[in-house]
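Novice: Sharing a structure, written as structure tokens. Questions coming.
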Amino acid sequence: MKSTGIVRKIDHLGRIVLPIELRRVLDIDKDSSLEIYVENDSILLRKYQPACVFCGSSEEVASYKGRNICAACRKEIGQL
């Protein structure tokens, strides 16, 4: 993990502010969703990319009845 040298305090509601420099580099805007992971004693934030429930691909994903399905899996399901 690469250190940025940036330190932020947590406010009274448990929030932190991501510096504009990081948001620009990672293409995170005010409406972006982030996934939160815990790994050992670290908290990881990752920009959310919807993925297919069957194969995990994040390419050409569409929502169907609340589930994300990629084009390849939709095509395969259509052949059943």
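The values are calculated or read from the model by the stated rules, or taken from the named source; none is laboratory data. Just so we're clear, the structure is a prediction, and the values are computed from it rather than from any experiment. Here Cβ is always computed from backbone atoms with ideal geometry, including for glycine, and neighbour counts include all displayed protein chains. All accessible areas refer to the heavy atoms of the entire protein, side chains included, with ligands and DNA or RNA removed. Shrake-Rupley method; radii C 1.70, N 1.55, O 1.52, S 1.80 Å.
Novice: Show the residue pairs that are 6+ apart or on different chains and have beta-carbon atoms under 8 Å apart, the first residue being within region 62-80 and under 18 Å from Gln49 (Cβ atoms), the second being open to solvent by 60 Å² or more (accessible area, probe 1.4 Å) and assigned to a helix (DSSP H, G or I).
Specialist: Ala62/Arg74; Tyr64/Arg74; Ile69/Ile77
Novice: For Ile36, only one of the following conditions fails: (1) part of a helix (DSSP H, G or I); (2) in contact with a strand residue (DSSP E or B) (Cβ under 8 Å, 6 or more places away or on another chain). What is its number?
Specialist: Looking at each condition in turn, Ile36 falls short on (1).
Novice: Which of (1) modelled with pLDDT under 90; (2) closer than 25 Å to Lys2 by Cα; (3) part of a loop (DSSP other than H, G, I, E, B) does Leu80 not meet, given it meets every other one?
Specialist: So Leu80 meets the others, but not (2).
Every residue, every condition in (1) assigned to a loop (DSSP other than H, G, I, E, B); (2) open to solvent by less than 70 Å² (accessible area, probe 1.4 Å); (3) modelled with pLDDT of 90 or more, yes or no:
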position	(1), (2), (3)
Arg23	no, no, yes
Lys30	yes, no, no
Arg46	no, no, no
Pro50	yes, yes, no
Cys55	yes, no, yes
Ala62	no, yes, yes
Ile69	no, yes, yes
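Novice: Still on this model: Give just the number: which of (1) touching a residue at least 12 places away in the same chain (Cβ under 8 Å); (2) more than 16 Å from the chain's Cα centre (by Cα) does Ser57 not satisfy?
Specialist: (2)
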